[in-house]
Amino acid sequence: MNIKQVSILFLAFITMSFTIHKDFSKKIDKEIKEGFNVETYVYTKIQFTAEVNKTLASDFEHSTFVSLKTDDILIGYAYISKAPSKTDNFDYLVLLDTDLIVVKSKVLVYREDYGAEIGSKRWLKQFIGKTQNDTLKYGDNIMAISGATISVRSMTNAMNNLLKSLKIIHSKNIL
């Protein structure tokens, strides 16, 4: 094999090693298309160096952060992660525009009997427009939900961690 063939195989391997979890792919695809008002897009996983990862929130390294393009034009980013609920974790998605402003948030899978109200569009709307300069506070600028206190606090903490990490990413001019 020549160097070109090895390079192509390596690139194919790297591309195949990253796929959005198949259980969520349809939900994520739908949210991206609606959130950015596009029919087609391509995503590319963004990987940070170990040095940068050390400065980001601890859950950031175990999450998926991708850039989204349509017709080779950057339209935004998607962040997919998990947050703890009372006895399990829930999976969520955050869509960001090119300025790293929250466009949409969505709870993809909630695995508890109580607290699923955090997945309501009405409750999640309060994150739209949040930026790296915002600080979210449960009971102050984030509404409480009776019966979902643990999940509300967890989602609030997760969003704060994301916003803090975005501030670091922006300050280091990485994207």
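The values are calculated or read from the model by the stated rules, or taken from the named source; none is laboratory data. Note that the structure is a prediction, hence the values are computed from the model and not measured. Note that each Cβ is placed from the backbone with ideal geometry, even for glycine, and that neighbours are counted across all protein chains shown. The protein model used for the area step is the full one, side chains on, heavy atoms only, and it has no ligands, DNA or RNA in it. Shrake-Rupley method; radii C 1.70, N 1.55, O 1.52, S 1.80 Å.
Quick check on my link table: of Lys26/Lys82; Lys26/Lys54; Lys104/Lys167; Lys130/Lys164; Lys27/Lys172; Lys69/Lys121, which ones sit more than 20 Å apart, alpha carbon to alpha carbon?
Lys26/Lys54; Lys27/Lys172; Lys69/Lys121
In whole Å, what is the distance between the alpha-carbon centres of region 55-114 and region 127-175?
The distance from the Cα centre of region 55-114 to that of region 127-175 comes to 12 Å.
Treating only the Cβ of Lys, Arg, Asp and Glu as charged (+1, +1, -1, -1), what charge dipole size does region 27-175 show about its Cα centre? Round to the nearest 20 debye.
Taking the Cα centre of region 27-175 as origin, the dipole is about 280 debye.
Accessible area per residue of the chain at 1.4 Å probe, in Å²?
Each residue of the chain exposes 60 Å² on average to a 1.4 Å probe.
Once Lys and Arg get +1 and Asp and Glu get -1 on their Cβ, which of Gly129, Ile80, Thr149 lies farthest toward the positive end of the dipole of region 40-175?
Farthest towards the positive end: Thr149.
How large is the charge dipole for region 81-128, taken about the Cα centre, if only the Cβ atoms of Lys, Arg (+1) and Asp, Glu (-1) carry charge, to the nearest 20 debye?
I would put it at about 120 debye.
Please report, to one decimal in angstroms, the Kirkwood hydrodynamic radius of region 67-143 built from all distinct Cα-Cα pairs.
One over the average 1/r among Cα pairs gives 13.7 Å for region 67-143.
If we count every other residue with Cβ under 13 angstrom of Val103's Cβ, Lys/Arg +1 and Asp/Glu -1, where does the sum land?
Taking every Cβ under 13 Å from that of Val103, the sum is +1.
Whenever you get a sec, compute what percent of the accessible area on the chain sits on carbon and sulfur atoms (1.4 Å probe).
52
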